[in-house]
Structures are given as structure tokens and as C-alpha cells.
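Written below as C-alpha cells is the structure these notes are about.
The values are calculated or read from the model by the stated rules, or taken from the named source; none is laboratory data. All values reported here derive from a predicted model rather than from experimental measurement. Here the Cβ positions follow ideal geometry from the backbone for every residue, glycine too, while neighbour counts run over all protein chains shown.
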There are 2 protein chains.
Amino acid sequence: MPVIPALIINSSMEQENKTKPICYKPIGIFYTAYTPETGAPRQGILKPEVKGEIEIYPEYRDALKSLDLFEYIILIYHLDRSVRWNSIERPPASNPDNSFGLFATRSPNRPNPVGIATIRLEKIENGILHVSGVDAYDGTPVLDLKPYLPGIDGIKSSKNELLEKELGIQFPAPYIRRD
Amino acid sequence: MPVIPALIINSSMEQENKTKPICYKPIGIFYTAYTPETGAPRQGILKPEVKGEIEIYPEYRDALKSLDLFEYIILIYHLDRSVRWNSIERPPASNPDNSFGLFATRSPNRPNPVGIATIRLEKIENGILHVSGVDAYDGTPVLDLKPYLPGIDGIKSSKNELLEKELGIQFPAPYIRRD
């Protein structure tokens, strides 16, 4: 059998990695008052009073231990109502002359429609997380939950703060809880 | 043909949603100096000087427009070296008596091994993002990029700050850039 040069092996492995799908299975489901008909806020934190429930499926409930110590958690979900993506987007509330590449926006229509949101955890009861500040549509599949860690997730950047205004995401003071 | 009650339809739709896999295709690949042999910092921001490159595949490069205006971006990646998950974890640097449910930790071994990291974007050249503060292994498949928006992603929570110390994640002052 001929020896295959390492370069060829690597390149075919790389090709395989590039095209091999990455498949996940929902750990739960997000119940909210939003549907494509009602619409949803662009970011849940703009409506911190809006509540929702996340049902975690029984086989994952032991892994919730101590999560309720955290005031804020990061929710990772599949934007299952996402439609075809475009490379260039005009964010809804920004200057109409502004255009951004899709990856410079938080549009739900993405090649891989993974949503992330930092939401407030009110309590956990019988595998149901009661949360507030939600923006997902009712029935959204949940992929992961992580504790929100301000030291690594909450970096201060005045440059990014200016840009989020450009993207049309405005934060009236009462919407941001600073304690 | 008998009429199927709505309840049965809904319940079977829910069952289908629960078990239907959600599949993604990498948009790029992360090149770093870390391998399972060298190890990697638990969080990239603990080593902000460590650089890496993210190659975005050609078909997604138009969507990078204006991303380089942002100083920090959120990277979403597939933790492909993840191993079997356990419901209960003892975070590595925390008090050995502490145990947390998996979802209350940032362990890479999760039912759906999706990683997120807020990283510093130095520049973009020919579809390659030059970044710093990285923690992923070399060759990690990249699923999504989003701008980091401090107003929605960077919530202040003194409760979560205390807990991140419990999880053993310490932030020496020079590691956190506050501008």
C-alpha cells in the first residue's frame, strides 16, 4: 500500500472538517409570549419586565444544580424561525444609509442561526427556569445554558458602546440594571 | 379518515421538535497555539496577549463588512475536543468542596458543546481575523461571529461577580482592559 504524504492527509481531513455537519439536540424549550405574528423586541433586555419559562428536559435537570445562585445566565438557543441570510444588512433602527456585514449585526438570519442572550433568572422550579428580559419566539429550542461571568463576558469597551448606537440599539437608563 | 384532535397533533409536533437534530456547518476555522497536549487557559481573557487567527471560508467573507469597527466580538464555536459530560462538576480552581451542576459551570464537556468567547479583534485581512485573548484548541470549527454589544451583553451584577470567584475564575487587574 503506498504511503500517503501527510500533506494530503491533512488537507483531506481539513476538507472533511469543513463540510461535516455539527449536530446538536435541544436540552429544552423556551416558552414566551412572542410569535412571528406578535413580533419580539430586538433584544430582550430592552424589555426586562417581559417574562418567559424555559423547560429543561428531565434528562438534563440534575445539571441545573446551583444555577439558581446566578442572577444572570447566558442562554444559547436555535433561532428556528430564522429565514435566508444576506451578506449585507441594514440594522432596523440605525441610520438608513448604514450597512453592515451580517456578522457585524445581531440579525437572526445567519448561516448558523445560533442566538445568545444574557437573561435574568428569577427562579428554578421542577426543571422550569423562570426568566425575564426575553426576546425569543415561543417554542424556541434551547441548546445550552451557562452562568454569566461579568469578568470574562462583560468587557468594557467605549468603542463598542459607540457602535451599538450606530446599530440602532438604544438603552434607556431604566432598562439597564446596574447594581 | 378520523379527525385527529389538536392535542395529539401538538404533542407529536413537540416530540418531533424535541428529538429532531439541529445541524450547523462551520463558517470557518480557528487557528491557535493550543492543543489538548499543551492545554489551554480556562478562559482566553485570562491570557489577553495570546493571539490566534480565524479563517472565514470564502463564501462567508462578504458578511464580514464593518466587523473590524468593533474592538471586541463574540465568537461562537464548536468544542470539538469535548468529551462525555457529567451532571455535576467541580470547577478546577474552586474550593474542592464546591460542586456545581454542569450548566452552572463553563466546562467544555456539555450536552451541546457550544463555546462562546468575547475576544479582541485586532484586524481582518483577506478573510482572516487576527484576534487575541483566545482559549480554543487549534482547528476548532467556528459557527458564528457577532459584535459584542456592552449594553446588552455586558450586564453588571455584583451577585454574579461574587460567584465567578467561587467558580475559581480570578481576574488579576492587568488582564482586564477597562477603557
(request) Residue by residue through region B:43-59, note down the ones that are within 13 Å of the chain's Cα centre (by Cα) and part of a loop (DSSP other than H, G, I, E, B). (result) B:Q43
(request) Find all pairs meeting these conditions: Cβ atoms under 6 angstrom apart; at least six residues apart or on different chains; first residue within region B:85-113 and within 7 Å of another protein chain (Cβ to nearest Cβ); second residue crowded, with 23+ Cβ neighbours inside 10 Å and in a loop (DSSP other than H, G, I, E, B). (result) B:P111/A:I27
(message) Take the conditions at positive phi, modelled with pLDDT of 95 or more and of a type outside the set (V, I, T) and apply them to B:G127. Does it pass?
(response) yes
(message) If I go through region B:114-150 residue by residue, how many of them are at the interface with chain A (Cβ under 8 Å from one of its Cβ atoms) and acidic (D, E)?
(response) 1
(request) Considering only residues that are of a type in the set (A, V, I, L, M, F, W, C) and assigned to a strand (DSSP E or B), look in region A:139-157 and name the one that is surrounded by the most Cβ atoms within 10 Å (Cβ to Cβ). (result) A:L145
(message) Out of the residues in region B:71-94 meeting the condition of being aromatic (F, W, Y) and buried (at least 21 other Cβ atoms within 10 Å of the Cβ), tell me which one is nearest to the chain's Cα centre (by Cα).
(response) B:Y77
(request) May I ask you to verify whether A:S12 is outside any loop (DSSP other than H, G, I, E, B), closer than 30 Å to B:L64 by Cα and modelled with pLDDT under 90? (result) yes
(request) Mind telling me which of the residues A:D97, A:D62, A:D68 ends up being acidic (D, E) and either within 14 Å of the chain's Cα centre (by Cα) or part of a loop (DSSP other than H, G, I, E, B) (or both)? (result) A:D97
(request) Name every residue in region A:71-91 that is assigned to a loop (DSSP other than H, G, I, E, B) and touching an Asp or Glu at 6+ places or on another chain (Cβ under 7 Å), in order of residue number. (result) A:S87
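Could we say that B:I45 is loosely packed, with under 12 Cβ neighbours inside 10 Å and modelled with pLDDT under 80 here? Break it down stepwise before answering.
Numbers: loosely packed, with under 12 Cβ neighbours inside 10 Å: no; modelled with pLDDT under 80: yes.
In short, no.
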(message) Yes or no: region A:55-74 includes at least one residue that is under 28 Å from B:I56 (Cα atoms), facing chain B (nearest Cβ under 8 Å) and modelled with pLDDT of 80 or more.
(response) yes
(message) Restricting to region A:109-138, give me the number of residues that are in a loop (DSSP other than H, G, I, E, B) and crowded, with 19+ Cβ neighbours inside 10 Å.
(response) 9
